[in-house]
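Working notes, structure below.
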Amino acid sequence: MARRVMPAPDQVTVLVHGIWMQGVMMRVMGKMLEARGFRTHSVSYDFLKNTPEENADSLYREIGELGARRVNLVGHSLGGIVILHLLHRYPEIDIDKVVLIGSPVRGSYVARRVYDTPALRPLLGRSIEKGLLGGAPEFSGKRPLGIITGSGNLGISALLYPSGDDSDGVVRESETLIDNATDRVRLPLSHSTMIFSRECTDYVARFLSLGRFRE
């Protein structure tokens with residue numbers, strides 16, 4: 001789907017993982033993007049000890065160390081919320097395009113169900129603070145933003161905490177809405193499988209190339 005692009009040497013796409021993951025999990029998508037001509041960098045952060053705001057501060061410093069003139073951001077799930085905090089806290093940061101994949105920017109029903117179970121609450125760490133339980137900052141609309149959601153509705157979370165047909169098995173479509181997003185697309189994929197999917201990667205690559213998902 002996506003045309004192969006040859007980025008400038010100083011351009012990099014930063015991949016930000018979701019909850020219960022580490023940066024290595026985003027390397028699958030990173031490798032597929034690199035095969036399409038993109039330079040990528042996967043980051044890791046601690047959602048148990050740090051809030052999304054604090055992880056945004058760490059992300060800001062790591063981006064600065066890359067020394068790239070142009071930076072794209074791709075965030076999966078909680079990673080998208082970290083990106084919104086980054087853009088809110090550092091409005092001057094030079095970011096070209098942003099893609100959020102299955103990010104519950106309006107709060108997560110599944111996270112609320114987990115939080116309401118005391119024995120499971122520690123699994124969320126500090127991701128709930130202006131994050132998975134709501135309170136993420138608004139998107140300013142200063143740069144192209146693409147949103148990818150899924151309709152696969154499979155996985156353990158879907159069995160334990162059914163979130164309805166209008167979801168990817170974890171995140172509801174309504175939880176991903178951002179009024180001033182540039183474009184959005186829904187794929188027949190579940191929440192966790194999107195970051196390993198060639199189809200999803202094709203859409204990411206297209207948005208990073210064109211600023212939209214379709215010609």
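Worth a mention:
- Pairs of Cα atoms nearer than 8 Å and 6+ residues apart set the relative contact order; for the chain it is 22 percent.
- Once backbone amide H atoms are built at 1.01 Å from N, residue 99 has 73, 74, 75, 146 as its partners under 5 Å, excluding neighbours fewer than 5 places away on the same chain.
- Full extension of the chain between residue 119 and residue 89 gives 7.5 nm of extra length, using 0.36 nm per residue less the Cα-Cα distance.
- Hypothetical label at residue 61: residues of segment 112-137 whose amide nitrogen lies under 20 Å (7 Å Cα-Cβ projection): 126-127
- Per-residue 3J(HN,Hα) values for segment 45-51, derived from phi via the Karplus relation 6.51 cos²θ - 1.76 cosθ + 1.60 with θ = phi - 60°, read 8, 9, 7, 6, 8, 10, 6 Hz in sequence order (x marks Gly and Pro).
- Residue-by-residue Karplus 3J(HN,Hα) for segment 188-197, coefficients 6.51, -1.76, 1.60, Hz, glycine and proline x: x, 10, 8, 3, 7, 6, 4, 6, 10, 8
- Close amide-amide hydrogen proximity is noted between residue 42 and 15, each under 5 Å apart and 5 or more residues distant or on a separate chain (H modeled in the peptide plane; Pro and chain starts excluded).
- C-alpha center-to-center spacing [segment 84-145, segment 198-213] in angstrom: 22
- Partner lysines for residue 130 [C-alpha distance under 18 Å; skip if fewer than 8 residues away on the same chain]: 49
- Using the Karplus relation 6.51 cos²θ - 1.76 cosθ + 1.60 with θ = phi - 60°, the per-residue 3J(HN,Hα) values for segment 13-20 come to 9, 9, 9, 10, 6, x, 5, 6 Hz, with x marking Gly and Pro.
The numbers here are math on the coordinates, done by the rules we state, and not lab data. Every value quoted in this text rests on a predicted model; they were computed, and no experiment measured them. Don't worry about glycine lacking a Cβ; one is built from the backbone with ideal geometry, like all the others, and counts go over all protein chains shown.
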